[in-house]
Amino acid sequence: MPRRPHLSMAARVAAASDVADLRRLARKRAPHMVFDYVDGAAEGELSMARAVAAFDRVEFTPRVLRNVSEAPTEVEILGRRIAMPVVLGPTGFTRMMHREGERAVARAAARAGIPYTLSTMGTTTAGDVAAAAPDGWNWFQLYVVRDRARSLEMLSLAADAGMDVLVVTVDVPVAGARLRDVRHGLTIPPSLRWRSALQALRHPAWWFDFLTSEPLRFATVDGAPGDLAGITNMMFDPSVTVADLEWIRSAWQGRLLVKGVQRVDDAKDLAAVGVDGIVVSNHGGRQLDRSPTPLELLPSVVDAVGDRTEVFLDGGVRSGADVAAAVALGARACFVGRAYLYGLMAGGEPGVRRVLDLLHTELVRTTQLLGVPGVGGLSPDVVRLR
């Protein structure tokens with residue numbers, strides 16, 4: 001039997017048939033501690049597993065004999081049209097996954113016609129993201145820190161970079177227990193200890209990039225300690241309440257989303273104070289384990305807030321079919337995090353582009369097979385949770 005020709009990592013990224021393929025490639029390229037930072041979650045990782053499993057419970061109920069020769073994916077969110085109902089969510093330490101980090105992700109998002117959200121814990125400045133993707137719709141994510149002057153400075157830098165949507169994350173009053181990171185002794189930046197030195201031998205491409213690129217640092221919160229829990233517990237303000245949103249509103253002239261909503265009554269309170277959007281999210285299962293599953297909670301939140309604010313979903317999205325299910329259940333769009341990081345780890349910007357191409361192709365195919373005229377035809381009567 002003839003041997004299959006050896007394919008380069010770039011060729012394997014381009015040939016990936018789904019996000020699971022890219023996850024496997026990411027695991028091969030990145031050291032264990034880096035892969036596990038992305039792939040892991042809090043404590044027993046039940047919340048993360050349940051978020052993914054909820055999409056496994058989706059059952060579509062397709063219509064037949066419908067004209068689906070066209071299946072447009074464009075939607076309007078926050079007063080602006082995007083190419084498909086996907087937002088690339090905020091992720092910390094992104095240059096740890098690949099030397100191009102946030103710049104690569106922002107460029108891929110701009111090419112795909114969807115928003116990219118820069119994290120407070122990002123490793124690239126807002127100005128550098130804007131320079132890398134000047135035609136993209138770039139957003140900024142805020143953790144309210146104890147030093148309010150620093151929070152104001154972050155908002156000013158984001159606004160100066162042309163960012164007009166602020167995503168305030170509210171589910172991190174203290175650090176979650178991410179046990180994979182604890183077991184690896186992960187620091188920011190990663191330190192070349194004896195264990196990581198052994199990993200360097202197995203993942204030379206990643207280590208070469210890491211050791212020859214600009215030093216990994218927090219672009220917005222310089223001076224933070226190296227350990228992840230220490231960063232959170234030293235800087236983030238656990239006293240933040242709904243009342244603080246008024247203070248944020250006074251300092252921010254653009255749209256305001258609140259991410260990390262896990263209860264219907266909290267969603268009602270936020271809608272009452274007039275936020276522009278709510279992101280139903282449990283932080284990818286990285287904070288409180290056994291927290292509500294976003295997809296299961298989504299319909300109740302949508303029913304509770306009505307048309308008073310836009311509702312987004314974050315958590316467990318791995319395919320265009322997942323996006324279709326969430327939109328059918330009422331989400332305006334889905335935030336995606338781990339999926340694009342797998343692509344970034346595996347192949348840099350081309351890896352992120354491959355993820356977005358896959359999501360778009362899968363979304364188009366799913367709507368056509370459902371017998372609906374594109375994303376605009378998705379509704380609760382074509383999907384249910386078994």
Legend entry - Looking only at region 334-386, and only at residues there that are in a helix (DSSP H, G or I) and among the small types (Gly, Ala, Ser), the one that is surrounded by the fewest Cβ atoms within 10 Å (Cβ to Cβ): GLY376
Legend entry - Residue in region 307-329 that is nearest to ASP21 (Cα to Cα), counting only those that are touching a residue at least 24 places away in the same chain (Cβ under 8 Å) and of a type in the set (D, E, K, R): ARG318
Inset, instruction - Take PRO134 and decide whether it is surrounded by fewer than 19 Cβ atoms within 10 Å (Cβ to Cβ) and farther than 26 Å from ARG180 by Cβ. - result: yes
Inset, instruction - Go over the candidates ALA272, ALA324 one by one and state the one that is of a type in the set (A, V, I, L, M, F, W, C), surrounded by 19 or more Cβ atoms within 10 Å (Cβ to Cβ) and farther than 23 Å from ARG103 by Cα. - result: ALA324
Legend entry - Among the candidates ARG338, ARG263, ARG332, residue that is in contact (Cβ under 8 Å) with a residue 60 or more places away in the chain and farther than 27 Å from ALA30 by Cβ: ARG332
Legend entry - Of all residues making up region 90-107, the number that are in contact with a strand residue (DSSP E or B) (Cβ under 8 Å, 6 or more places away or on another chain) and either under 22 Å from ARG29 (Cβ atoms) or surrounded by fewer than 22 Cβ atoms within 10 Å (Cβ to Cβ) (or both): 3
Inset, instruction - Can you work out which of the residues in region 254-287 that are part of a loop (DSSP other than H, G, I, E, B) and modelled with pLDDT of 95 or more is farthest from GLU310 (Cα to Cα)? - result: ASN282
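The values are calculated or read from the model by the stated rules, or taken from the named source; none is laboratory data. Fair warning: this is a prediction, and the values are worked out from it, not measured in the lab. FYI the Cβ positions are ideal-geometry reconstructions off the backbone, even for glycines, and counts take in every protein chain you see.
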